[in-house]
Amino acid sequence: MELLKGTLDMLVLRTLLFGPLHGYGIAQAIRGSSAEALDIEFGSLYPALKRLELKGWIVSKWETSEMNRRAKFYRLTPAGRKHLAQEHSKWAEFVAAVGNVMGPLPVPAVKNTGKG
Amino acid sequence: MLWQKLKHLLPSARRKADLDAQEELASLAAMAEPGELGNLTLAAENARAVWEWTWLTTVLADVRYGVRTLLRQPGFAIAAVLTLALGIGANTTIFSVINSTILKPLAFPASDRLVLVWETFGQGPNNENIVSAPNIWDFRKQTHSFEGIAIFDSSGRGYNLSSTAGEPEQVSGLRVSANFFSVLGVKPMLGRTFLPEEELPGKDREVILSYGLWQRRYGGDRAIVGRNIRIDGDDFAVVGVMPQDFSWQFWSDARQLWVPVGYTKTDYGRSDNSFLSFARLKPGVSIAQARSDIAAVAARLAKQYPNANAGMGATVQPLGEYGLDGLRRGMLTMLVAVAFVLLIACVNVANLMLARGASRQKEFAIRRALGAPGWRIARQLLTESLVLAVCGGVAGLLLAFWGSRFLFHLLGNDAQLPMRHITSIPLDGRVLAFALLVSCFTGIAFGLIPALSVLRTGMNEPLKEAGRESTGKRGGQLRHALVACEVALALVVLSGAGLMIKSAQELLGTAPGLNAHNVLTMEMSVPQEAIYNGPPTLPLFCRDLQEHLGAIPGVLSVGAVGHLPFHGNAGRNFQIEGRPPADPQKMPGADYSVACPGYFHTMGIPILQGREFNDTDTVTSPGVIVINEAMAHKFWPKGNPVGQGIRLGGSNGPRLTVVGVVGNVHYQGLDKPVGTQFMRPYRQAGWPIMNIVVRTAYAPATFTAPIKKAIHDFLPDRAVSGVETMETVIRNSTGSRRVPMLLLSAFSAMALLLAAIGIMGVVSYSVTQQTQEIGIRMALGARGTTVFTLVLRGIMKWVLAGLLLGFAGSLGIARLLGSLLYGVRPTDPAVLSSVSAVLVAVALLASFLPARRAASLDPLKALRHE
């Protein structure tokens, strides 16, 4: 399933809410928590990380992973947390609004034209 | 965020970010399955775009590429830069003069709060009048908008400085109220300004010197303050010296000394308007508020003093605005004219770029085939244009550096606006900003056309043409249409110049009403208390003048007059005797002056009826006047005015008899209509400034020294100033038109030259493009003359279209010139037809060479031409 435009940033921020992660970890986490439904292109995820970092919503630091490997870990900043909260409520409003419009798909009634 | 982004302007920061990303991606690749992360190079590339200043680096690359391509064709680059430098330089020159004259604020503190105070009479424009002292005193008491209202003599005069040691000298001085300097907000460099009690006669023997006079005549002696100097034969105590940067020029050259106003008896007359006044607004008070405040007071005064003030109003005007109209109009027209020259330059460069673009079409097509979008190539071309324009701008600034100096020199006194002491035309930040703006505008103006034409060209056609340069018909038509624009613009500038030249001819052809040849004039100050109706301070002035100056060998005749022709006059009202007295508001009036016997004869003003003044007109003899023809016609249309009488200033005024009628003189200037005028003999009515006129047998200027010496013999305390020949006086009176005329002519020459170059370029280019076609025609039997006319016809139809377009524009420039035109209509057929003829001739000349080249082509060679 492809991502809706502009949701990647939100997903990344949401993923980092649980704690610092490296780039590969973020990709896996999104894929995992969406039950494999969302397959993130790493080619777009990585620039998104850099963009969020430049905006000051996340910070990065070289650390050693549980596998004793050096990797760059990203963590949420307070500004990022605030931004996520805003995005989240906007997202919720959007989903609710779209849901209201869409509703359950009605079964189309077959009309008899009478002339048979 | 911004800081983070800015940090990446540093190449080292960008390199560090790059390396860091490489390392990170490598570490991630090691964790993931092979290929799981996709194209990592692309990821790194996309990430770089986040911190790279992409647009900046590409712009820099475009600039570098542009400079390289331009350097490969130095001929094209030099031609374009020179053309642009001419246009931008001319524009910057005009702007720099505007910047340091019209746009220059006054040199007084908070000068935006300084206003001139005028009495007004009636409605309508130009109803401002000089003021009387009692009205100003009432304005001071009754208005609330002003911090202070100052008053000064409207005419000012020459003051004779004498000392036992040096030569006597006449310098320009001014009577001012005690608060004159404090309202302006200036302080003396030495000593003090005047005290209120010194405004009264008897206590007014004080003087403040200008820095220049103090340095020049008194050697910068600081002990001068407190000492006495002799002025007009009296002792005046020097109380102060003004600083070097203080200059006061209003209706005169810069004043060199100031004395207390010392109100005389006539100054107390409410209708004796002889003063000027300015005031300082209280902070926060607007011009509109001040206007309604003072207008209300004036209306009250009009009711209170109906005899003197009926119909009078009052208004204020920003001091800095005063006197700008003439120069503003002239400079605005110049700015339009140079803008047109610049547009012509733009068109030329655009044409060059189009021709060059045509030969670069293969390059563009290949780039597009390789994936460059059209706008990217258009941007590249625009960048090249801007590089050219900025180079042209830098060269133009250099031209403006010299141009502005030259123009300032040329303008001379015309650049000296009231109260602005303008000594130089600096190229300051505003001028630099202007030049930059004009350069960028220029670059976009001429760069847009070739850039857009790239967008329209498909990518395949040029490649298919197998190396032959495209001859796109549309491109050719665009170039020809640009020629039409060029011709139209040039016609507008040329017709402006033509109209100015015709005006100057008309002016010089106007008979002044006097014979200026071999007449020398000079000014002498003869202080006079009661100016309009009192016996002169020096009763025998005229006789002494005759005697001493007339004795100089080579002097044919001598006279003197209160107002020199072309220098303006005073006016007086009167009632005509024997007719029902008119309502005081509608009393007849005429220009007024005084003259010595021999004045009309010396000036060559014909005496049409009666006689001119002579030695029998004395204080004790009956009052007489000489009137001009216009006055005779207006007030005595039938019958002989000689022997008729008028009552000066109203029915109760002194009776004066008309003894002569003289020819009309354009007293207000050659471009102004002749006014009604009458004169009294100096011996019966004194005047504070007399202009001595001397007719000589030859070279009048050589008589300056003998005349000065002769005057010194009988008036050792007095000196003369402003020595000029009458011919110079007339020439200077037309001066405000001289500079616009010269400049417009210069710009016309530039416009013509540029248009000629443009036409020549387009014609030779299209001949080159059509070489094969011409070859075929000639092979089929067309003769050289046929080809010749074909080429000429091809361009001339566009030139004619341009002329038609230009006619419309020429009406616009005539409207701008407005009052600068004299005796010529905006649609003057002679001017329009002659400038069109000049343009057509230049266009023919410019197309002649390429057309002849086409006509003499060898058909065989032409057919092989690729």
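Database note for chain B: Cys without another Cys beta carbon under 4.7 angstrom, B:346, B:391, B:440, B:485. Per-residue ellipticity at 222 nm, computed for chain B from helices alone with -39500 (n - 2.57) per DSSP H run of at least four residues, works out to -16500 deg cm²/dmol. In chain B, the ratio of gyration radius to Kirkwood radius, Rg to Rh, stands at 1.11 when only Cα atoms are counted. Taking amide hydrogens as placed 1.01 Å from N in the peptide plane, the amide H of residue A:62 sits under 5 Å from those of A:73, each at least 5 positions away in sequence or on another chain.
Cβ-to-Cβ counts within 10 Å put B:42, B:507, B:161, B:845 in ascending order as B:845, B:42, B:507, B:161, the fewest first. For residue B:147, the residues whose amide H sits under 5 Å from its own are B:280, B:281, B:282, ignoring neighbours fewer than 5 places away on the same chain, with H placed 1.01 Å from N. Based on the alpha-carbon gyration tensor of the stretch B:646-745 and its eigenvalue square roots a ≥ b ≥ c, which shape applies: rounded if a/c is under 1.5, prolate if not and a/b is larger than b/c, or oblate? Oblate, since a/c reaches 1.5 and b/c is not below a/b.
Sorted ascending by nearby beta carbons within 10 Å, beginning with the fewest, B:263, B:592 become B:263, B:592.
Relative contact order, whole percent, for chain A stands at 26, derived from Cα pairs under 8 Å and 6 or more residues apart. For residue B:662, the residues 5 or more places off, or on other chains, whose built amide H falls under 5 Å of its own are B:608, B:627, B:628, B:629. Helices in chain A, meaning DSSP H runs of at least 4 residues, each add -39500 (n - 2.57). Divided by all residues, the mean residue ellipticity at 222 nm is -16500 deg cm²/dmol.
Its relative contact order, with pairs defined as Cα atoms under 8 Å and 6+ residues apart, puts chain B at 15 percent. 3J(HN,Hα) couplings calculated from phi for the stretch B:593-610 with the Karplus curve 6.51 cos²θ - 1.76 cosθ + 1.60 (θ = phi - 60°) are, in sequence order, 7, 10, 8, 8, x, x, 5, 5, 4, 5, 6, x, 8, x, 9, 8, 8, x Hz; Gly and Pro show x. The alpha-carbon atoms of the stretch B:691-789, seen along their principal axes, cover 96, 25, 16 angstrom, with the largest extent given first. With the convex hull drawn around the C-alpha atoms of the stretch A:8-92, the volume per residue stands at 96 Å³. Assign one of three labels to the protein assembly as shown, namely rounded, prolate or oblate, based on the Cα gyration tensor with a ≥ b ≥ c the square roots of its eigenvalues; rounded applies when a/c is under 1.5, prolate when it is not and a/b is larger than b/c, and oblate otherwise. Prolate shape, in that a/c is at least 1.5 and a/b is the bigger ratio. Among B:93, B:41, a tally of other beta-carbon atoms within 10 Å of each Cβ gives an order, fewest to most, of B:41, B:93. Cross-link check: pairs A:61/A:90; B:502/B:634; B:638/B:672; B:502/B:672; A:61/B:16; B:141/B:203 evaluated at a Cα-Cα cut-off of 21 Å; pairs beyond the cut-off: A:61/A:90; B:502/B:634; B:638/B:672; B:141/B:203.
Backbone geometry of the stretch B:283-292 corresponds, through the Karplus equation with coefficients 6.51, -1.76 and 1.60 at θ = phi - 60°, to 3J(HN,Hα) couplings of x, x, 7, 8, 4, 4, 4, 4, 5, 6 Hz, x marking Gly and Pro.
Give the angle, between 0 and 90 degrees and rounded to the nearest 10, that separates the Cα long axis of helix B:374-411 from the longest principal axis of the Cα atoms of chain B. Value to nearest ten degrees: 20. Scalar couplings 3J(HN,Hα) for the stretch B:78-83, obtained by applying the Karplus form with A = 6.51, B = -1.76, C = 1.60 to θ = phi - 60°, are 5, 4, 5, 5, 5, 4 Hz; x denotes Gly and Pro.
Values quoted throughout were computed directly from the atomic coordinates according to the rules given, and no laboratory measurement underlies them. These numbers were taken from a predicted model, which means no experiment stands behind them. Because the Cβ atoms are built from the backbone with ideal geometry, glycine has one as well, and the counts that use them run over all protein chains shown.
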